[in-house]
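Participant: Before I ask anything, let me first share the structure, which is written out below as structure tokens.
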Amino acid sequence: MRMMVTGCNGQLGRALLALTENNDEYEYLGTDVQDLDITKLDAVQAYVAQQKPDVIVNCAAATNVDGCEADEDGAFRINAIGPRNLAIASRKYGAKLVHISTDYVFPGNGTVPCTEYDTPAPRSAYGRSKLAGEIFVQQFAERWFIVRTAWLYGEGKNFVRTMLALAEKHDSIGIVDDQLGNPTSAMELARAILTLLPTEEYGIYHGTCEGICSWADFAEEIFRLKGLDTKVERISSQEYKKRFPASADRPSYSALEKRMFRLNTGFRFKDWKDAIAEYLNGTPSHT
């Protein structure tokens, strides 16, 4: 299977490469913005026509939430027009399309995990642009999977590495404890995506690790696993905004239900504690 991955230098793109580089079933074709600007339809169509992938996995996105708020047009260009272009090309040249989306398409003010068929209602420019991308994929692609994820960490800049870097300089760190979600390993998400590719089980999926915690809980588990004495000071989102003014609202509850993965593929994500332990041990299995 010839698999074209946009945003290949991101955390999920790297995880997909790690799982497929020694697997004869896959031919990995990685592209990033320097190779292909997905906001340009002509460029996308020419690239897909030349490379003839069996599947396109769109990991490319503008994910800086505050940056999207400051430049909503720029966010829409990458997060909505880009997926539209890939959807058009995937249909024209017969490729399946996997589009990676986000928990931010929901308002984030619930009390139970959102299902794949709950109605989106984004509250930020980032969420609005990602929802528009989902809609375009459904309108223009023929064979598509939309996979929403959240709190992703892997090989690259992420919360885990930020916490470990801060722990080297501080004895105590203020971490928000009133935002709840599912910390998710990029490796686990990549494994889940690979279960979809051979199938025709098209539709919307939620892809996050099992279990729910706060950012403060997540940080404490990271420090515990690394044997660090760094203290977590639990603070509210309101207090965090006073210390570090941010322009975009963050979801207070963004947990996702993984029903479609369970029903259609049988894939079950690891518990978030097991997944972060695997990540910090540095020896992920490629099964």
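The values are calculated or read from the model by the stated rules, or taken from the named source; none is laboratory data. Keep in mind it's a predicted model, so treat the numbers as computed, not measured. Virtual Cβ from ideal backbone geometry, glycine too; neighbours counted across all protein chains shown.
Participant: Taking segment 234-250 on its own, how many of its residues are touching a residue at least 60 places away in the same chain (Cβ under 8 Å) and either surrounded by fewer than 14 Cβ atoms within 10 Å (Cβ to Cβ) or not in a strand (DSSP E or B) (or both)?
Facilitator: 10
Participant: With the checklist (1) touching a Lys or Arg at 6+ places or on another chain (Cβ under 8 Å); (2) assigned to a helix (DSSP H, G or I); (3) surrounded by fewer than 16 Cβ atoms within 10 Å (Cβ to Cβ) in hand, flag the one item ASP274 doesn't pass.
Facilitator: Against the list (1) touching a Lys or Arg at 6+ places or on another chain (Cβ under 8 Å); (2) assigned to a helix (DSSP H, G or I); (3) surrounded by fewer than 16 Cβ atoms within 10 Å (Cβ to Cβ), ASP274 comes up short only on (1).
Participant: If you check ARG148, ARG128, which single one turns out to be under 13 Å from the mean Cα position of the chain (by Cα) and of a type in the set (D, E, K, R)?
Facilitator: The unique qualifying residue is ARG148.
Participant: Please work out which residue is surrounded by the most Cβ atoms within 10 Å (Cβ to Cβ), limiting yourself to segment 105-138 and to residues that are assigned to a helix (DSSP H, G or I) and aromatic (Phe, Trp, Tyr). Walk me through it before giving the result.
Facilitator: We begin by selecting, within segment 105-138, every residue assigned to a helix (DSSP H, G or I); these are 105, 125-138.
Applying the additional criterion that residues be aromatic (Phe, Trp, Tyr) yields 126, 136.
Numbers: TYR126: 25, PHE136: 21.
Only one residue tops the list, namely TYR126.
Participant: Give all pairs with beta carbons closer than 8 Å in which a residue from segment 1-24 that is within 20 Å of ALA95 (Cβ to Cβ) and modelled with pLDDT of 95 or more meets a residue that is in a helix (DSSP H, G or I) and charged (D, E, K, R); count only pairs at least 6 apart in sequence or on separate chains.
Facilitator: Pairs found: CYS8/ARG14; LEU19/ARG191.
Residues are listed down the side, and each one gets a yes or a no for (1) outside any strand (DSSP E or B); (2) of a type in the set (A, V, I, L, M); (3) in contact with an Asp or Glu (Cβ under 8 Å, 6 or more places away or on another chain); (4) surrounded by fewer than 23 Cβ atoms within 10 Å (Cβ to Cβ):
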site: ILE56; (1), (2), (3), (4): no, yes, no, no
site: THR63; (1), (2), (3), (4): yes, no, no, yes
site: PRO83; (1), (2), (3), (4): yes, no, yes, no
site: ALA89; (1), (2), (3), (4): yes, yes, no, no
site: LYS92; (1), (2), (3), (4): yes, no, no, yes
site: LEU97; (1), (2), (3), (4): no, yes, no, no
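Participant: May I pose another question? Just give me the residues in segment 139-165 being exposed (fewer than 15 other Cβ atoms within 10 Å of the Cβ) and outside any loop (DSSP other than H, G, I, E, B), in sequence order.
Facilitator: GLN139, ARG161, THR162, ALA165
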